[in-house]
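Worksheet for the structure shown next.
The values are calculated or read from the model by the stated rules, or taken from the named source; none is laboratory data. It should be emphasised that the depicted structure is a prediction, and the values quoted were computed from it without experimental measurement. With ideal geometry, Cβ positions are generated from the backbone for all residues, glycine too; neighbour counts draw on all protein chains shown.
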Amino acid sequence: MFQFHNATIKLNHYGKLVSTCNSPTTIFIQPIGPFPFPEADLQKLLIFLQKFLITFYNTKIVVKEVHNVTNLSHPDGQPINSRTHKMLPPDTIQFSIPDLIRLYSPKFNKLKNQEFKGGFSLVLLTGFNIYSSTKGAISILGQTYPLESIAVCSIGQYLNSINFSKNVLDYYLPVLRVMSHEIAHLYGLPHCQVQNVDDKICGMQYSKSGDHAMLQPLEFCEKCLKRLRATTTHWIGKGEMDGLTKKYLKKTRNIELVKVLGEFCKEIGQNSIFDSAIEHYKSKLDSDYAKCDICRHSFSNCVCV
């Protein structure tokens with residue numbers, strides 16, 4: 001018998017596979033406040049984020065109950081390290097990414113059969129600004145720790161395009177951008193190797209800053225999707241959902257992303273990044289192969305989009 005993550009492989013005396021249990025495939029999102037907008041607005045954001053990521057990666061996404069950073073402490077009673085920065089407003093407190101990792105990594109990796117059952121990775125979504133030891137970085141939008149299977153993402157209050165807004169609608173784009181990007185890193189995907197980082201080609205491009213990342217597309221290029229197809233589907237046993245299979249990418253993903261983003265854009269009005277993503281996914285619809293699950297028309301005649 002061999003152990004691989006949470007999967008067990010059992011062989012008979014001929015060396016033949018006789019049984020397996022499912023591999024961990026669930027992505028947990030742990031929101032950590034305080035957030036700069038009301039609780040009701042936060043819940044709407046989290047529901048939309050969950051719906052988008054389920055469609056984007058075709059995997060199970062579980063959003064945990066909101067924690068507050070002021071109530072967090074290490075086992076020895078020490079609070080999470082924090083600081084202020086001369087380049088930010090005086091009352092802006094930043095919290096340490098490595099400290100958050102040290103707090104949540106043991107909980108996640110020891111409780112995969114209990115609180116985080118079936119957990120492949122954990123994403124901490126913070127309502128406050130975060131910092132790391134990265135040289136020259138004032139604030140960090142997102143950072144991934146693959147060995148711990150944890151990513152830390154902020155909602156991006158410090159961004160010039162946000163400017164510490166208290167309107168939740170301003171945060172949808174940065175949250176979707178950073179979460180989709182960092183989760184791909186958790187699946188082992190590196191930055192997209194584009195020749196010029198200013199080219200707006202792929203959501204996995206390297207960015208020079210958080211504000212630079214806001215100019216990049218939400219969608220991924222075909223090369224990155226092909227890599228993700230391998231890393232999100234090669235499981236021992238069977239996960240809760242199938243990941244980015246060839247069938248899902250061809251038949252379902254594009255039309256569902258058009259619907260998810262389209263519904264949201266009706267609320268907020270025009271947004272160049274979301275509009276570009278919708279047009280991209282529409283251009284990928286395979287009308288000869290796929291049919292809408294709702295109206296049952298081919299996508300070229302779908303009445304739901």
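Of note:
- First in the range 229-255 and in the same structural domain as I54 (by TED's automatic domain parsing), second anywhere and at pLDDT 85 or above and exposed (fewer than 15 other Cβ atoms within 10 Å of the Cβ), Cβ under 8 Å, 6 or more apart: R229/K246; T231/G188
- Residue match in the range 143-160 (condition: touching a helix residue (DSSP H, G or I) at 6+ places or on another chain (Cβ under 8 Å) and among the charged types (D, E, K, R)): yes
- Restricting S105, S82, S73 to residues that are surrounded by fewer than 17 Cβ atoms within 10 Å (Cβ to Cβ) and touching a Pro at 6+ places or on another chain (Cβ under 6 Å) narrows the list to S73.
- Number of the exception - G203 against (1) touching a Pro at 6+ places or on another chain (Cβ under 8 Å); (2) in contact (Cβ under 8 Å) with a residue 40 or more places away in the chain; (3) not hydroxyl-bearing (S, T, Y): (2)
- Matching residues, the range 142-172, being assigned to a helix (DSSP H, G or I) and more than 15 Å from P36 (Cα to Cα): P146, L147, E148
- All conditions but one from (1) farther than 15 Å from I27 by Cα; (2) at pLDDT 95 or above apply to C153; the one that does not is (1).
- Look at the range 67-82: where a residue is over 18 Å from N129 (Cβ atoms) and a partner is outside any helix (DSSP H, G or I) and not polar (S, T, N, Q), sitting 6+ places away or on another chain with Cβ atoms under 7 Å, you get S73/P79.
- Selected residue [in contact (Cβ under 8 Å) with a residue 12 or more places away in the chain, of a type in the set (S, T, Y) and surrounded by fewer than 22 Cβ atoms within 10 Å (Cβ to Cβ)] from S154, S209, S132: S132
- Filter pass, L88 being surrounded by 16 or more Cβ atoms within 10 Å (Cβ to Cβ) and either of a type in the set (A, V, I, L, M) or within 27 Å of V168 (Cβ to Cβ) (or both): yes
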